[in-house]
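Engineer: Here it is: the structure, laid out below.
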Amino acid sequence: MNRREFLITSSAAAGLLALPRFASAAAGTIDLYSGSDANIIDLWNNIIRPAFEKALPGVALKVTDAGDNNGLRAIADRALAALKTKTDPQADLFEQFDPRLPSGGIDAGLWVKFSAENIEGYDHINPLALDTSYSLPYRGSQVLVAYDKTKLDPKDAPKSWEQLTTWIKANPGQFIYNRPDKGGSGGNFVRRAIHEANGRDPKKFKIDNYAADFGTEALTPAWKILTDLAPSLYDKGAYTSGNTQSIQLLAQGVVTMVPVWSDQVLQAIAQGVLPETTGLVQLTDLALCGGFSSITVFSNGANRDAALKLAAFMLTKEMQEAIITQIGGFPAVSWDHISEDLRKKYADVIPSTIPTFPGGDWEKAINDGWYRSVAPGISRT
């Protein structure tokens, strides 16, 4: 789920208008492309790049905003074509991309396979973060439930889906989530309803197992759950236009509770956007979805070896703690490799599970189905 509306800058927004231009790869310069939010690109440019270039003199890092996942996909398609013709893909590394795309890329050898043999610190990675050997997790985030502790005693904060939906119905107008195609906090609230309707089994959903009949069977019960909740939401069925607006309504005291991204809400509290009286809780029967952002390295990149050193650098204690302190994210390494003071500070949000949900055809089916069945009166524009 794309979250570009939070902390986005005008320059980053302009990057959405076109794919980055390809130029000849500079010797000793790692070409990194990102489809993440503006604050993540700022992290790479302002924190990671200078630290890495200092640690590895003679190697430079160039960070380019690819706009979004579609921008990265176009570059990956070109890189696969370059692999077949044994030419320079003019890209070395992606920040946040699924190496299962483009189709056939893994089998063709497009991506470097990561292991303890080529990545120092690989054995420090949190097992929850590992997905495929062709992607290297370096930061994580998860959707939590944020609430106003001046209105809701923490001991009464809901900790299961049943408790959450019971609270929403008992406190009409005090909960809101954003439209699922406008931000991952609301999108993953919708996905939690889908999990609830399907035996709380995230393994039922895979990137390649969507079919129209299965989609109808799996999603229809979730639409009934969400339709039943709608009259109890803020303004009897209103939905925000994105992650940021949900946080704003909580900050203004308009509502008592909203789903939020862990990194965004921790940043909002640290920056004073949300007060210190903001409580955070995760569901214990099955957590809301989240995931880890990973690095992928092109096997045919001109600076592959340097890119691998950058990937390993991201697992160092210095960089993993920067993920926590600079953007409020989760580290990709296990928390026992993080300083004790940080472990204590974030004890309440350290995840024990991080369910995921595939994109691809599932994402389109969820968005289309939600508008059609849950909020038919709301325009998608």
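Engineer: In whole percent, and with a 1.4 Å probe on the protein chains, what portion of the accessible area of the range 304-381 is carbon and sulfur?
Structural biologist: Of the solvent-accessible surface of the range 304-381, carbon and sulfur hold 46 percent.
Engineer: For n ≥ 4 DSSP H runs only, could you compute -39500 (n - 2.57) per run for the chain, divide by its residues and tell me the 222 nm figure to the nearest 500?
Structural biologist: Per the formula, -10500 deg cm²/dmol.
Engineer: Here's something else I'd like to know. Could you check what % of the DSSP bridge pairs in the chain are antiparallel, to the nearest 5?
Structural biologist: 65
Engineer: Can you work out the base-10 log of I(q)/I(0) for the range 72-139 at q = 0.18, 0.21, 0.23, 0.25 1/Å, using the Debye formula on its C-alpha atoms alone?
Structural biologist: -0.72, -0.92, -1.04, -1.16
Engineer: Can you give the extra length, in nm with one decimal, that the chain gains between residue 339 and residue 224 once fully stretched, where that is 0.36 nm per residue apart less the Cα-Cα distance?
Structural biologist: Values: separation 115, 0.36 × 115 = 41.40 nm, distance 4.50 nm.
Result for the pair: 36.9 nm of gain on full extension.
Engineer: State in Å² the accessible area per residue of the chain; use a 1.4 Å probe, count heavy atoms of protein chains only, and round to the nearest integer.
Structural biologist: Computed with neighbouring chains in place, this is 43 Å² per residue.
Engineer: For the range 65-91 and the range 232-292, compute the distance between their C-alpha centroids and round to whole Å.
Structural biologist: A separation of 36 Å, based on Cα centres.
Engineer: Using a 7 Å offset from Cα along Cα-Cβ at residue 299, what residues in the range 68-101 end up with backbone N under 18 Å from the label point?
Structural biologist: Counting only backbone N, you get 76-94, 98-101.
Engineer: What number, in percent, do you get for the relative contact order of the range 84-136 if the mean sequence gap of Cα pairs under 8 Å and at least 6 apart is divided by its residue count?
Structural biologist: Relative contact order comes out at 33 percent.
Engineer: Which entries of 151/182; 159/236; 54/309 have Cα-Cα distances beyond 18 Å here? Don't skip to the end; give the middle numbers.
Structural biologist: Working: 151/182 28 Å; 159/236 24 Å; 54/309 13 Å.
Listed pairs above 18 Å: 151/182; 159/236.
Engineer: What ranking do 200-212, 252-264 get when scored by the average of other Cβ atoms within 10 Å per residue, highest first?
Structural biologist: Per-residue mean Cβ counts within 10 Å order the peptides as 252-264, 200-212.
Engineer: Explain nothing, just the number: relative contact order of the chain, from Cα pairs under 8 Å at least 6 residues apart, as a whole percent.
Structural biologist: It comes to 25 percent, rounded to a whole number.
Engineer: Another question, if that's okay. Can you pull the three principal axis extents for the Cα set of the chain, in Å, largest first?
Structural biologist: Rounded to whole Å, the extents work out to 62, 49, 38 Å.
The values are calculated or read from the model by the stated rules, or taken from the named source; none is laboratory data. Every value quoted in this text rests on a predicted model; they were computed, and no experiment measured them. Using ideal geometry, Cβ is built from the backbone for each residue, glycine included, and neighbour counts are taken over all protein chains shown. We work out accessible area using only protein heavy atoms, side chains counted, and drop any ligands, DNA or RNA first. Shrake-Rupley method; radii C 1.70, N 1.55, O 1.52, S 1.80 Å.
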